[in-house]
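Reading through the structure tokens given below for one structure.
The values are calculated or read from the model by the stated rules, or taken from the named source; none is laboratory data. Since the model is a prediction, treat every value here as computed from it, not as a measurement. Virtual Cβ from ideal backbone geometry, glycine too; neighbours counted across all protein chains shown.
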Amino acid sequence: MYWKEIRIKFLALIFGAGILVLGKSIFFPNPDKPKINTFVFPQEVPLGEWQPSVAAPVKSLTKENPNLLAQKYYRYVKNDLPLDIEMHYLQDFYHADIGVYIQRNLGITSPTVMRQQKGAGYYGLGVDKQKAYLSTCINPRGGSTFTHAQFRDNRFSQDISFNRIMPILLGQEALLDKRCLWVHLSIPLQNSSPEEAYQVLEKAWFSWYQWWQPRFPKP
């Protein structure tokens, strides 16, 4: 009896959605692609024990990344150790991953170690030109991702939900939200080992993620 009721409700929902889609196709036969709102990165973002420092402009990725919507470069200092954080707001990210992006846009070809942190997600760590780095993608929904497969899984498990049916049908949001906040943190190795540098980056990243995830740009 219970499953019968569930099935009836589910079929009713599908039928209702079908009617809405049909009505939309009749009255709006040529729907535009959902427009993404303009986003401006904040000038300053709090980061625990790290103090903001003077930041130079980040190298533009517009030519190589037609899907780049906005970008911002932040610099912090703690005990004379500089921490650089590059933020890139991307659209149509579905067929790419962070490993590809750091090679294509930053010229980094050294091996990357992928890790996962509960409450945050996946990220990659590596060393390039005497700098340790952490790179990842903050998703609009779900944890951070490093590979294409992780990003794809997030889209199907997080984006397809009943509470998004109306915005999707009205053309306000895309069925799969393929936006990404690409985050790239780096610090000089100085006299520390890569693993010691990774621990510094991870601690900074977890704080950074906790601030940014609930503030992901609205579609």
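Restricting attention to the stretch 126-159 and to residues that are within 21 Å of LEU90 (Cβ to Cβ) and of a type in the set (A, V, I, L, M, F, W, C), the residue that is modelled with the lowest pLDDT turns out to be PHE156. Only one of the listed residues (PRO29, PRO82, PRO66) is modelled with pLDDT of 85 or more and not aliphatic (A, V, I, L, M). That residue is PRO82.
Testing CYS137 on (1) buried (at least 22 other Cβ atoms within 10 Å of the Cβ); (2) within 20 Å of LYS72 (Cα to Cα); (3) touching a residue at least 60 places away in the same chain (Cβ under 8 Å); (4) of a type outside the set (Gly, Ala, Ser), one condition comes back false. Which one is that? CYS137 satisfies every listed condition except (3).
Looking at the stretch 112-219, the helices (runs of 4 or more DSSP H) lying wholly inside it that each contain 3 or more residues that are in contact with a strand residue (DSSP E or B) (Cβ under 8 Å, 6 or more places away or on another chain) and more than 20 Å from TYR101 (Cβ to Cβ) sit at 194-212. May I ask you to verify whether ALA96 is in contact with a Phe, Trp or Tyr (Cβ under 9 Å, 6 or more places away or on another chain), surrounded by 16 or more Cβ atoms within 10 Å (Cβ to Cβ) and of a type in the set (A, V, I, L, M, F, W, C)? So ALA96 fits the description; yes.
Figure legend. Inter-residue proximity from the stretch 159-180: first residues farther than 27 Å from THR136 by Cα, second residues assigned to a helix (DSSP H, G or I) and among the charged types (D, E, K, R), beta-carbon distance below 9 Å, spacing 6+ or different chains. Indicated pairs: LEU169/LYS24; LEU170/LYS24; GLY171/LYS24. When the residues of the stretch 32-63 are filtered to those that are touching a helix residue (DSSP H, G or I) at 6+ places or on another chain (Cβ under 8 Å) and modelled with pLDDT of 95 or more, the one that is farthest from GLN210 (Cα to Cα) is TRP50.
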